[in-house]
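So the structure is just underneath, and the comments pick up after that.
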Amino acid sequence: MLQAETVQLLCLTAASGVPLFSRGSSKQLPFSVIGSLNGVHMFGAGQGALVSSCETERGSRVVWRVFQDSLMLIAVSGSSSNAVSELHLRRLLENTWNCMVLVLGQDELVNMRNVERLKRELRSCYRLIDRFLERGGEDQGFMGDLTHCADCLLPSQPGILQQALDSFTQAADSEFGCLLIRGRVALATEKWWRLAPQEVVLLSTLVNLLSGVTSCDYPVFLPQGSPTVAHRLLCFQLLPSAVVCVLCGPSPSLHHVESELVGSYWSPVVETLRGCLEQAERSPLPPSVSLRWDVQALLLINRESRRSVVACPRARSRTPSEAPPLSSPARRWELLRHFYTFAVTRYFTSEETPASSTSTTGHESLHEEFSRGFTHQPVQCYLVTDECKCYGLQTPQYQLYLLTDLSVPTFALRSVAMNTLSTVTSTTGF
């Protein structure tokens, strides 16, 4: 159907199957194929069967999902030896629905009055949807689209910036404030962290799309917190790649915040901001965190706060002369995504708010069939590949996914993972 390593996203009306848009692959599927995909789902529903996914003999995948009995989203992946996982396609459909709600509001999508008008309005969502189709950018190391956890930066001096953010947010008549450094959440107010994890990921992605704009006032709907009532998202560029944003009501005006508040609250900490930007170029982890030289990449998730940090060192530290060269950050990040998918669909849990409120199909389990027969909850797993060794560790508070060199003995992987987890959490308080 599609070329290898391509994904096409289709949006149709659930009742009549009228196509609304198609994004992704440069070669669009023929209308007859789109109609067949819709027909398969409708036939299953008529027979009392839910068709949610399928896989072809060549490795292509199709995933269907209906939201609010209004719109059907279909994700189609091409055949490839490095096929896109079903988990990724499911997440893509969830993220796409959330993008549309964020921009247009749930009422516009559910109470469809004019199909042609909706088609035109949906164009305003394309850039945001395309960003999720790009999976965060091949070399940027973002994982939030897949994990539904905020991609974070852990600053070396969080106290000074946190105080500035809290004071600035309060002066802007809001309790929801966030500081993004090179696309990652460096700091946020307590109320911002109380937003649904998917909303934090979505807002961060939207702000990244607006990068380069000095200031903006953007109306947004919160897919879970406020899907029918819009809020104002005010964004201000403090330095290139350093953006502060607040969610607020009708007041204050953008001009008042930009002219009266931004300079007075952020000018005193501009050097600290520059230090954060320099740190972000090297790693989301502060310099005080020293990883083993044979650790190629890691993903650490705080299961309680639903925050995550991804680190792919650009160069080795204290490297022995016989150590092999590191593969590219983009390749290690891709391996990390594959290992995360492997672990959460087989062994670990993925704690998040169920999406049943936005889908008529309810919340589908991420686990494959055989794992449901386990009499216990796995807390560790490992995988050995031709490129690296992978180790996953789950504790009541954390999940750690680690890529190491092949030279690390398999029996030592658990010790390396435990030491890495202790080093990061004890040093940063993450």
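The values are calculated or read from the model by the stated rules, or taken from the named source; none is laboratory data. Quantities reported herein were computed from a predicted structural model and do not represent experimental measurements. As a convention, Cβ positions derive from the backbone with ideal geometry for all residues, glycine included, and neighbour counts pool all protein chains shown. Accessible surface areas use protein heavy atoms only, side chains included; no ligands, DNA or RNA. Shrake-Rupley method; radii C 1.70, N 1.55, O 1.52, S 1.80 Å.
Worth a mention:
- Residue within the stretch 222-245 that is in a strand (DSSP E or B), out of contact with any strand residue (DSSP E or B) (no Cβ under 6 Å at 6 or more places or on another chain) and within 30 Å of T349 (Cβ to Cβ) present: yes
- Residues within the stretch 62-85 that are open to solvent by 50 Å² or more (accessible area, probe 1.4 Å) and at pLDDT 90 or above, tallied: 2
- Remark: pairs (first residue in the stretch 165-185, at positive phi; second residue assigned to a strand (DSSP E or B); Cβ separation under 7 Å; 6+ apart in sequence or on different chains) = D173/C248.
- Residue in the stretch 35-54 that is more than 19 Å from L122 (Cβ to Cβ), in a strand (DSSP E or B) and not basic (K, R) present: yes
- Qualifying residue in the stretch 174-186 (condition: modelled with pLDDT under 95, open to solvent by 40 Å² or more (accessible area, probe 1.4 Å) and in contact with a Ser or Thr (Cβ under 7 Å, 6 or more places away or on another chain)): yes
- Scanning the stretch 307-317 for residues that are open to solvent by 40 Å² or more (accessible area, probe 1.4 Å) and in a strand (DSSP E or B) turns up just one, R307.
- In the stretch 319-345, residue modelled with the lowest pLDDT [restricted to those that are over 20 Å from the mean Cα position of the chain (by Cα) and surrounded by 14 or more Cβ atoms within 10 Å (Cβ to Cβ)]: L326
- Verdict on L209 being surrounded by fewer than 21 Cβ atoms within 10 Å (Cβ to Cβ), more than 22 Å from L261 (Cα to Cα) and in contact (Cβ under 8 Å) with a residue 12 or more places away in the chain: yes
Quick grid of which residues meet (1) of a type in the set (A, V, I, L, M); (2) touching a helix residue (DSSP H, G or I) at 6+ places or on another chain (Cβ under 8 Å); (3) assigned to a helix (DSSP H, G or I); (4) over 25 Å from T169 (Cα atoms):
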residue	(1), (2), (3), (4)
E258	no, no, yes, no
V262	yes, yes, yes, no
W266	no, yes, yes, no
L273	yes, yes, yes, no
E278	no, no, yes, no
R292	no, yes, no, yes
Q296	no, yes, no, yes
S305	no, yes, no, no
P324	no, no, no, yes
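- Total residues in the stretch 113-165, condition open to solvent by 60 Å² or more (accessible area, probe 1.4 Å), farther than 22 Å from T189 by Cβ and either in contact with a Lys or Arg (Cβ under 7 Å, 6 or more places away or on another chain) or among the hydrophobic types (A, V, I, L, M, F, W, C) (or both): 0
- Of all residues in the stretch 393-418, exactly one satisfies the criterion of being of a type in the set (S, T, Y), open to solvent by less than 60 Å² (accessible area, probe 1.4 Å) and assigned to a loop (DSSP other than H, G, I, E, B), namely T395.
- Scanning the stretch 42-94 for residues that are of a type in the set (S, T, N, Q) and within 21 Å of the chain's Cα centre (by Cα) yields S77, N82, S85.
- Test result for T169, of a type in the set (S, T, Y), modelled with pLDDT of 95 or more and closer than 22 Å to G212 by Cα: yes
- Lone unmet requirement of (1) among the aliphatic types (A, V, I, L, M); (2) in a helix (DSSP H, G or I); (3) out of contact with any Asp or Glu (no Cβ under 8 Å at 6 or more places or on another chain) for V201: (3)
- Selection within the stretch 14-34 - assigned to a loop (DSSP other than H, G, I, E, B), within 22 Å of V110 (Cβ to Cβ) and open to solvent by less than 30 Å² (accessible area, probe 1.4 Å): A14, G17
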